[in-house]
């Protein structure tokens, strides 16, 4: 059995299939961990969701911000601000609605392997979380809020994008602010202020910004960054491992921008990529 980790797919079905063929992925024995953002931007989000649902026993995934937006739209039946024809086609597909309601909305924000000491989330692990139990608890709390019938916290979070909680406050947050911080940290984070609070707007690579008050989250001290191998996606401007420490592995290599879709073999410690077509 081989454990693979793949970056943000963003609806690039043909490239996904080609990459799985390239690594000779064994659907019965191998396992594929996915950093989230399965859909949006690419040409075949429907095919991607159909396919991943069909092999769900072979995969472990975390939800990304684009996946959460799709879940929100289906749970709220609200399309008033949707102008993207690709997203609208997802909302009109009855099988997609079934997949979201019966599978996708139940997926976690963090995947964890205790024996291999692996952590994976869409955006990373925030510096203010330095205890594995806090990470798993916060992820579990958020997952339950997203998937339950009365999920007002989740729907309000998407609707009120201007209200952003960026400070964990030593695990004293409760209610909506706690949920808000968890979603921000695990699906939107890139940079943090020097005290570890989240900065929610800057996207460029570290060499392309001119400031002394921000650092990429993985450049701020956290004991867990040395104890675990952390996989994440979300930040295509990093282009792989140019900026990250050895055991923090960014896998969003910009497939949706005409660059590459990348997979990593845990056992072989090797990257494999395929170029994506816009």
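In table form, for the structure just shown:
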item: Check on residue 225, under 27 Å from residue 143 (Cα atoms) and either in contact (Cβ under 8 Å) with a residue 40 or more places away in the chain or surrounded by 21 or more Cβ atoms within 10 Å (Cβ to Cβ) (or both); result: yes
item: Segment 187-218, residues that are in contact with a helix residue (DSSP H, G or I) (Cβ under 9 Å, 6 or more places away or on another chain) and in a loop (DSSP other than H, G, I, E, B); result: 188, 189, 190, 196, 200, 203, 204, 205
item: Failed item, numbered, when residue 5 is tested on (1) in contact with a strand residue (DSSP E or B) (Cβ under 7 Å, 6 or more places away or on another chain); (2) within 22 Å of residue 147 (Cβ to Cβ); (3) outside any helix (DSSP H, G or I); result: (2)
item: Residue match in segment 104-113 (condition: under 29 Å from residue 166 (Cβ atoms), surrounded by fewer than 19 Cβ atoms within 10 Å (Cβ to Cβ), modelled with pLDDT of 95 or more and touching a helix residue (DSSP H, G or I) at 6+ places or on another chain (Cβ under 7 Å)); result: yes
item: Qualifying residues in segment 260-278 (those that are assigned to a loop (DSSP other than H, G, I, E, B) and modelled with pLDDT of 95 or more) - the one surrounded by the fewest Cβ atoms within 10 Å (Cβ to Cβ); result: 269
item: Condition broken by residue 96, with the remaining ones in (1) within 21 Å of residue 122 (Cα to Cα); (2) buried (at least 17 other Cβ atoms within 10 Å of the Cβ); (3) modelled with pLDDT of 95 or more satisfied; result: (1)
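The values are calculated or read from the model by the stated rules, or taken from the named source; none is laboratory data. This is a predicted model, so every value here is computed, not measured. Quick reminder, even Gly has a Cβ in these numbers, built from the backbone with ideal geometry, and neighbours come from all protein chains shown.
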